[in-house]
Amino acid sequence: MHCHDSGVKINIPPDSRKIVLAGNPNVGKSVFFNALTGLYVDVSNYPGTTLEISHGRYGNDVIIDTPGVYGISSFNDEERIARDIILDADVVVDIVDAVHLERDLFLTQQIIDTGVPMVVALNMLDEAGKQGRKIDIDLLEDLLGVPVIPTVAVKQMGMDELKEKICCARSGHIDIGLHSKLHELHDRVANQGEALLILEGDPVVAERHGIAPGSEREEIYLNRRARVNDIVGHVVSEGSKGLGFGSILGRMMIQPVTGIPILLFCLYLMYKFIGVFIAGDIVGFTEETLMQGKYEPFVRSIVGRYFSESSVPGSILIGEFGVLTMTVTYILGLLLPLVLGFYLVLSAFEDSGYLPRIAALTDRALSGIGLNGRAVIPIILGFGCVTLATIVTRVLGSERERRIAVFLLALAIPCSAQLAVIAGLITSLNGTLVALYVISILTVLIVTGTLLNRFLPGESTDLLIDLPPLRLPRIENVLKKTITKSYHFVLEATPLFAGGALLIGILQVTGLLEMLQRLLQPVTVGWLGMPKESATIFIMGFVRRDFGAAGLYNLGLNDFQTVIGLVTITLFVPCIASTLIIFKERSRREGFIMWSGVLFLAFLIGGSLNQVYRATGSVYGVIIGLISVLLATLLLTKIFVRKPKLTSEGINYGR
Amino acid sequence: MNLDKCKKGHKIRITGIGNSDIRAQAIRFGISEGEIVCCAEVVPAGPVVVQKNNQEIAIGRRLARQIAVELIS
Ligand SMILES: Nc1nc2c(ncn2[C@@H]2O[C@H](COP(=O)(O)OP(=O)(O)OP(=O)(O)O)[C@@H](O)[C@H]2O)c(=O)[nH]1
Ligand SMILES: [Mg+2]
């Protein structure tokens, strides 16, 4: 088997065929996958991405699901993976959404051009029917040159016919001009699909063959588009349709006047579900009753037979920060339920088509800090677990955006473990102080983001996103996504948390932890105006962010000190697991700069609030100070805007 | 005129897309140069949503500024 070095290894018996399901996003691939494979499914994670690829057995053959893409090339991770799986396929089952035929057939024709045998499943015919759209299937079959099977995946209609026709898969019609060009390359590149991608200028495939990437992408794409439009013109007859409730609601979701209240309402439901139900009831049970009540005494008693808890190996394994006690409790008792909750909500948003609309709604605000609407995904997840969110920044379009997002997540997004404690402490404060806390964090987020956007070199990518029709999410789909994503997170994060606990354990038994606490005291007392014991909570914050915040309860702080403590601990270096992931995801050097930058900013800002408070003697003074910093930053960056780089070829920009 | 100046309901022809990667993606979506689309929604200072048949695509403001269009009605 030709083995591409980018992928995971999928074990495939030598005599079985690789049947690949391909198609645009949201066309029903996974519904087909589930219908064809049944229970025995393997999910593998592609290294360096957050993408899980499912594959399962189908008789003697193997079926592989792919991420939804609009074409195959190297624009993003999804495409790179889909490209490699499709190029390696024996048969492609291309799922096409009848409602979006003109969009979907571009990919269909591109796969036909790779020469791989194919069948097309023309799906969503129920929805097309509702819109009065009729499609001449026989003619479509003739024009494409491959079998086309009408299906409604959710009602299992057409499944049997599809199964029968998989063996009739054949190569479709290719444009004559393109065909001769592919033929010319044949001596050098035996695989027609790879030859096509080289012609289309795909740098990765070209490099594999040691050939310079072609420069004809645009011409090939335009010809293909023209061909597809022609096919659609022949096979589709359109009925009349009014705007359904779905599309009206969809529009309301992206207009700020209606979209912001809708978003706030959804976030409120999310808070009720995750913040109250999961973080309270479920975690109360899993963390306290199950893990601390049953599991920890159990491992302690077993390990305790060999090492006493006060010995060095004992305290590393089962001590206060034990790898077998704290780490396991933290991951299974606390993080897992929260991550499941966050992914459940996110998958429901995604499956219903709401997520891209949130991206469109928030794009404006996020572009101010050098990100685009897509960054809502890691930001939402950040409130669950910053470690998880840092991994998920892989979905962002450029290194620059990842850099900004990782830094802001580390600095200004409190994770759920911390939020619970913050929420507890904040209820004892009066409204002005709560406002001070919220304004401080928001100001830090906006000012830092704006400045990073202003001064970091490079360009961020822009939003260009398909808004799919709104649908009720399918429970099965949502659960499956939630479970596989959470499972892969636990796999990826466990070594980080264990490594972190180990490190802290070592610091503790060697006495370094205490030394660090003493080193920190002058800063906390003199600069932050906090009691000297508070140094401990900052160090604890590094172990587990919520430990740090919880430590504030017992210090007997006055209200203003509590706010300073909360602000500093929120901004303070994220927990050790997310520190490790920052180093892993970014380079060591960049990780170090980020890490020390966050540390420095946390104390700088916490301390400045304290100093301003002392100087002005009032909380309002501090708030006014913050707001003027915010306004000044926005104003200055407005005045000294960076000239947009003119990447255009002969187009005039409006100002 | 550029896409960011369009109003909701305008029917427009796309005449030029600045960046070649974006141009390639636009061809895939079926909104390449020469196509006629409808400006379905304009988020104030935010993305512009263009519609063609059943397809709706949100385009960030900065990108919209780089897309030249011609007003049809
Ligand atoms: N009405 C209708 N809905 C369908 C049909 N097929 C799939 N769906 C729905 O379309 C949505 C998307 O289906 P998925 O199977 O998740 O699509 P996918 O192609 O795997 O999507 P990605 O993996 O995100 O690319 C789900 O909510 C399905 O219930 C169909 O024939 N008719
Ligand atoms: Mg899928």
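Please specify each residue of the stretch A:58-71 satisfying the condition of being away from ligand 2 (no atom under 16 Å from the Cβ) and modelled with pLDDT of 90 or more.
If the condition is that a residue be away from ligand 2 (no atom under 16 Å from the Cβ) and modelled with pLDDT of 90 or more, then A:Asp61, A:Val62, A:Gly71 are the ones that fit.
Give, as residue ranges, the helices (runs of 4 or more DSSP H) completely inside the stretch A:507-621 that count at least 1 residues that are crowded, with 23+ Cβ neighbours inside 10 Å and in contact with a helix residue (DSSP H, G or I) (Cβ under 7 Å, 6 or more places away or on another chain).
Correct list: A:534-543, A:545-551, A:559-571, A:576-585, A:588-616.
Here are some residues: A:Met118, A:Met124. Which one is under 19 Å from A:Leu21 (Cβ atoms), within 16 Å of ligand 2 (Cβ to nearest atom), crowded, with 20+ Cβ neighbours inside 10 Å and hydrophobic (A, V, I, L, M, F, W, C)? Walk me through how you get there before you give the answer.
Values: A:Met118 fails: within 16 Å of ligand 2 (Cβ to nearest atom).
On inspection, the qualifying residue turns out to be A:Met124.
Determine if the stretch A:150-158 includes at least one residue that is within 16 Å of ligand 2 (Cβ to nearest atom) and in a helix (DSSP H, G or I).
For the stretch A:150-158, residues within 16 Å of ligand 2 (Cβ to nearest atom) and in a helix (DSSP H, G or I): present.
Only one residue in A:Leu467, A:Leu479 is within 16 Å of ligand 1 (Cβ to nearest atom), out of contact with any Cys (no Cβ under 9 Å at 6 or more places or on another chain) and away from chain B (no Cβ under 11 Å). Which one?
None of the others qualify; the one that does is A:Leu479.
Provide a single number: the residues in the stretch A:349-396 that are surrounded by fewer than 24 Cβ atoms within 10 Å (Cβ to Cβ), small (Gly, Ala, Ser) and either touching a Phe, Trp or Tyr at 6+ places or on another chain (Cβ under 9 Å) or assigned to a loop (DSSP other than H, G, I, E, B) (or both).
Of the residues in that region, 1 qualify.
Restrict the check to the stretch A:100-114 and report whether at least one residue is away from chain B (no Cβ under 14 Å) and within 16 Å of ligand 1 (Cβ to nearest atom).
Checking the stretch A:100-114: not a single residue is away from chain B (no Cβ under 14 Å) and within 16 Å of ligand 1 (Cβ to nearest atom).
Does A:Gly129 fit the bill of being in a helix (DSSP H, G or I) and more than 15 Å from ligand 1 (Cβ to nearest atom)?
Here the answer is no, as A:Gly129 does not meet what is asked.
Name the strands (runs of 3 or more DSSP E) wholly within the stretch A:19-91 that hold at least 3 residues that are crowded, with 19+ Cβ neighbours inside 10 Å?
Ranges flagged: A:52-58, A:61-65.
Condition (residue is within 30 Å of A:Asp230 (Cβ to Cβ), without any contact (Cβ under 8 Å) to a residue 24 or more places away in the chain and away from ligand 2 (no atom under 16 Å from the Cβ)) applied to the stretch A:33-48: is it met by at least one residue?
The answer is no; no qualifying residue exists.
Among the numbered criteria (1) part of a strand (DSSP E or B); (2) within 14 Å of ligand 1 (Cβ to nearest atom); (3) closer than 25 Å to A:Ile377 by Cβ, which single criterion is violated by A:Asp94?
Only one criterion in (1) part of a strand (DSSP E or B); (2) within 14 Å of ligand 1 (Cβ to nearest atom); (3) closer than 25 Å to A:Ile377 by Cβ is unmet by A:Asp94, namely (3).
Can you tell me which residue within the stretch A:407-417, out of those that are in a helix (DSSP H, G or I) and out of contact with any Pro (no Cβ under 9 Å at 6 or more places or on another chain), is nearest to the other protein chains (Cβ to nearest Cβ)?
First, the residues of the stretch A:407-417 that are in a helix (DSSP H, G or I): A:407-412, A:416-417.
Within this subset, residues satisfying the condition of being out of contact with any Pro (no Cβ under 9 Å at 6 or more places or on another chain) are A:407-408, A:412, A:416-417.
Details: A:Phe407: 21, A:Leu408: 19, A:Ala412: 22, A:Ser416: 29, A:Ala417: 33 Å.
Top of the filtered list is A:Leu408.
With A:Leu419, A:Leu411 as the choices, which residue is in contact with a Gly (Cβ under 9 Å, 6 or more places away or on another chain), hydrophobic (A, V, I, L, M, F, W, C) and farther than 28 Å from A:Leu463 by Cα?
Every option except A:Leu419 fails the conditions.
Starting from residues that are in a loop (DSSP other than H, G, I, E, B) and surrounded by 11 or more Cβ atoms within 10 Å (Cβ to Cβ), keep the ones in the stretch A:219-250 and report whichever is modelled with the lowest pLDDT.
Ranking the candidates gives A:Lys241 first.
When the stretch B:1-32 is examined, which residues are found to be free of Cβ contacts under 8 Å to residues at least 40 places away in the same chain and under 13 Å from B:Lys52 (Cβ atoms)?
Answer for the stretch B:1-32, where residues must be free of Cβ contacts under 8 Å to residues at least 40 places away in the same chain and under 13 Å from B:Lys52 (Cβ atoms): B:Ala26, B:Ile27, B:Arg28, B:Phe29, B:Gly30, B:Ile31, B:Ser32.
Sort out for me the strands (runs of 3 or more DSSP E) sitting completely within chain B that have 3 or more residues that are more than 7 Å from chain A (Cβ to nearest Cβ).
Filter on chain B gives B:11-17, B:36-42, B:48-52, B:67-71.
The values are calculated or read from the model by the stated rules, or taken from the named source; none is laboratory data. Predicted, not measured: the structure shown is a model, and the values here were computed from it. Note that each Cβ is placed from the backbone with ideal geometry, even for glycine, and that neighbours are counted across all protein chains shown.
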